[in-house]
Amino acid sequence: MVSFVIDQSLMLLLAMVLLAGAVLPHPPEVAQQIAAAKDKAEKDAVIKAYNEIPAIQARRANSMQFWLILVVVYHIGMRRTHGGTFGHRLTRMRLVDVSGEPPSWGTLIKRFVVAAMFTAPFGASYFACMGHPKRQSIHDRLCSTWMIRAGAKPAGPAALAYRIRPISAFLIKYFDVEPMPENAVPTASTGPADDGANSA
């Protein structure tokens with residue numbers, strides 16, 4: 001959750017910088033009109049007229065498109081090639097799949113899309129961690145991924161468990177891991193971790 005707040009704060013700051021750069025600084029003639037404004041209402045009218053110029057609106061739209069590309073590259077690319085986002089590094093967390101390795105590109109893309117859908121309603125996906133025994137968010141459960149501490153070690157052998165969950169009119173299928181009894185023979189790869197499972 002902490003790493004999520006850090007990453008979203010960085011993305012919000014980046015959006016503000018890009019949007020400000022698209023409309024600021026004001027051209028000299030507009031700056032003069034703003035300085036000559038007699039009251040706040042007149043000043044706001046000058047700024048509004050400037051912001052409604054088609055070229056300025058196009059620059060703002062281009063900035064938002066560039067921001068969206070950066071968001072995708074940041075949340076998918078860094079998790080795949082650098083072990084995690086800045087939020088993950090600061091909180092010493094990493095993302096793994098059922099084998100304990102960084103997820104594939106396809107899994108990361110799926111996780112990003114699912115996270116966008118379930119996180120948009122007031123961070124619902126992350127609040128779901130509170131009542132889950134493995135503290136997995138909704139998008140981690142559906143994509144068979146785990147957030148673990150950077151130095152976490154597997155608790156022991158684990159078996160793959162195939163899950164099916166109804167969501168609205170759809171049946172969602174995904175893999176989970178369950179610890180095996182001490183005297184059982186391992187039939188699947190070791191699970192992600194015993195310690196510090198979290199989600200971001």
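The values are calculated or read from the model by the stated rules, or taken from the named source; none is laboratory data. All figures in this text were calculated on a predicted structure; none of them were measured in a lab. When we count neighbours, we look across all protein chains shown, and the Cβ atoms used for this are built from the backbone with ideal geometry, even at glycine.
When restricted to residues that are modelled with pLDDT of 80 or more, buried (at least 19 other Cβ atoms within 10 Å of the Cβ) and either part of a loop (DSSP other than H, G, I, E, B) or of a type in the set (Gly, Ala, Ser) (or both), segment 103-132 contains 2. Among the residues examined, Ala150 qualifies as exposed (fewer than 14 other Cβ atoms within 10 Å of the Cβ), modelled with pLDDT of 75 or more and more than 17 Å from Val177 (Cβ to Cβ).
If we scan segment 68-89, do we find a residue that is assigned by TED's automatic domain parsing to the domain that holds Gln8, assigned to a helix (DSSP H, G or I), at pLDDT below 85 and of a type in the set (S, T, N, Q)? Within segment 68-89, one or more residues are assigned by TED's automatic domain parsing to the domain that holds Gln8, assigned to a helix (DSSP H, G or I), at pLDDT below 85 and of a type in the set (S, T, N, Q).
Screening Glu29 with (1) over 30 Å from Ala128 (Cα atoms); (2) surrounded by 10 or more Cβ atoms within 10 Å (Cβ to Cβ) gives one miss only, at (2).
Restricted to segment 1-26, and to residues there that are in contact with a Gly (Cβ under 8 Å, 6 or more places away or on another chain) and modelled with pLDDT of 85 or more, the residue that is surrounded by the most Cβ atoms within 10 Å (Cβ to Cβ) is Ile6. Checking every residue in segment 41-55 against the condition of being assigned to a helix (DSSP H, G or I), closer than 28 Å to Leu14 by Cβ and of a type in the set (S, T, N, Q) gives at least one match.
Listed here are the residues, each with its yes/no results for (1) under 16 Å from Ala20 (Cα atoms); (2) without any contact (Cβ under 8 Å) to a residue 40 or more places away in the chain.
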| position | (1), (2) |
| --- | --- |
| Ala37 | no, yes |
| Lys48 | yes, yes |
| Asn51 | yes, yes |
| Gln57 | yes, yes |
| Asn62 | yes, no |
| Phe66 | yes, no |
| Val72 | no, no |
| Arg79 | no, yes |
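Can you confirm whether Gln33 is among the polar types (S, T, N, Q), assigned to a helix (DSSP H, G or I) and more than 31 Å from the chain's Cα centre (by Cα)?
On the way: among the polar types (S, T, N, Q): yes; assigned to a helix (DSSP H, G or I): yes; more than 31 Å from the chain's Cα centre (by Cα): yes.
The answer is yes for Gln33.
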